[in-house]
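The values are calculated or read from the model by the stated rules, or taken from the named source; none is laboratory data. The structure presented is a predicted model; accordingly, all values stated were derived computationally and were not measured. Glycine gets a Cβ as well: all are built from the backbone with ideal geometry, and neighbour counts include every protein chain shown.
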Amino acid sequence: MTRPIVYDATHLVSLGRAAGAAGIGRIDLAFARHFAAHPRLSCAAHYGARGPHVLAPSRLARIVADVAPAAPDASAEWARLRSWLLGAERAPSVTAPAPRDALGQFLWRTPLRLANDAPHAPPPNSLYLNIGQHACEFPLLFRWLERRPDMRAVFFVHDLLPLDRPEFFRRGYEALFRRRIDTILRHADALLAMSEIVAERLERETARKGARIPIHVEPAPSTQGESADASDEQLARCDYFVLVSTLEPRKNHLMLLNVWRALAAGPQPVPKLVLVGGRGWENEQIVDMLNRCEAIRPHVRWTSDLPAAALRRLLANANALLMPSFAEGYGLPVVEALALGTPAIVSDIPVFREIAQERALFLSPLDGLGWKRAVTDFCAAASPHRLAAIGAAQSFSAPDWTRYFERIESFLDSL
């Protein structure tokens, strides 16, 4: 049955332009962009205490345009970063664009949160699609689904790591996330996931509750868009590595920073390390080391404001992507690097084995000396390990959005 789609835009409205800073937001944006122009879209929705507020399809298109405006291929931050990578003593003095202020965000969100366009309720026999799992810890916001047995609800579950590895999250987040998952499983007629690892974990969770909910697994493609040519001959001659991730304990930044401190103490030239990502949480030690460790300061740069085209270029010309995470539900940067033909050195964890198609170099996230040896090895242009990694990356079968949504829609049609 082909049901009209009701797309939940609450997550995008709540985060605004910050939505694209993390993987969940980037996937939500990709879905919203796809369905905003889709003939099956009946309306968008925003949470309300008595039921969702209905947003006309044109509003969803405007939300996507405002949350992810067309960005230039370059920015002030990219100019400074590229200059630093090329060895300039001082980056160009250019002022970066200021982020939207709190008042501006409030004025933008409020009309969307109050709007309730005709027909003022999701149409009969429609399919409710929730990708951002935003505020699912509040069951009251979803009780309206119990009054709509004609509808089908589909939720995207990105991972269950707060339940399995609570030590990597804020205090109290495990209980909050438990409420979130309980709400999702109470109302979901189907679930979407990006990896078999997450799907298997979801199956155990649904079995624990005595439920049987169909789960569709579809590996997500790169969210960095397409570029005919991301090459940069000058950057390609530089030795540098990239880690794309929010600064948080689970991502294992401290291990890499200590690797760079050890490299700085050695006799060989030190490659550069670029950290790309937002600040995250419980990262005081990471930030202190970035700010106060004189040994690594000339060699490590942290940025969080790069246009998609700049990030593509940064990844495409790097010696390798580094992802030493302790745990992940997917790992979009791994897919994005390999899709560009850039080698990836990643943690030897099951989900990376799955999504990298065995085309990466796998190391224990605890093996600091192993990561140091790998970084040193990948600085040698003729290194057999580096050449093998380049060949492996170039043979990576990258997922693409056309086939991705064809399969997603086929699954939705089965409900």
query: If you check Val335, Val287, which single one turns out to be aliphatic (A, V, I, L, M) and either outside the structural domain of His385 (by TED's automatic domain parsing) or modelled with pLDDT of 90 or more (or both)?
result: Val335
task: Considering every residue within region 366-379, establish whether at least one is within 17 Å of Val242 (Cα to Cα) and loosely packed, with under 15 Cβ neighbours inside 10 Å.
output: yes
- prompt: Scanning region 114-163 for residues that are assigned to a loop (DSSP other than H, G, I, E, B) and among the small types (Gly, Ala, Ser), which turns out nearest to Pro219 (Cα to Cα)?
  reply: Gly132
field: Single residue of Ala153, Ala121, Ala207 found to be in the same structural domain as Leu12 (by TED's automatic domain parsing) and at pLDDT 95 or above
entry: Ala153
- prompt: Given the conditions (1) over 16 Å from the mean Cα position of the chain (by Cα); (2) modelled with pLDDT of 95 or more; (3) not in a helix (DSSP H, G or I), and given that Arg297 satisfies all but one, which numbered condition is not satisfied?
  reply: (2)
query: Can you name the helices (runs of 4 or more DSSP H) wholly within region 164-275 that have at least 2 residues being among the β-branched types (Val, Ile, Thr) and surrounded by 14 or more Cβ atoms within 10 Å (Cβ to Cβ)?
result: 173-187, 196-208
query: Just for region 346-358: of the residues that are of a type in the set (A, V, I, L, M, F, W, C), surrounded by fewer than 24 Cβ atoms within 10 Å (Cβ to Cβ) and free of Cβ contacts under 8 Å to residues at least 40 places away in the same chain, which one is farthest from Gln394 (Cα to Cα)?
result: Ile349
- prompt: Which residue pairs have Cβ atoms under 8 Å apart, sit 6 or more places apart or on different chains, and have a first residue in region 320-331 that is over 15 Å from Gly277 (Cα atoms) and a second that is in a loop (DSSP other than H, G, I, E, B) and hydrophobic (A, V, I, L, M, F, W, C)?
  reply: Ala320/Phe378; Phe326/Ile349; Ala327/Ile349; Glu328/Ile349; Gly329/Leu160; Gly329/Met194; Tyr330/Met194; Tyr330/Ala220
message: On the basis of being aromatic (Phe, Trp, Tyr) and not in a loop (DSSP other than H, G, I, E, B), does Trp281 make the cut?
response: no
- prompt: Do we find a residue being at pLDDT 90 or above, surrounded by 12 or more Cβ atoms within 10 Å (Cβ to Cβ) and out of contact with any helix residue (DSSP H, G or I) (no Cβ under 8 Å at 6 or more places or on another chain) anywhere in region 63-82?
  reply: no
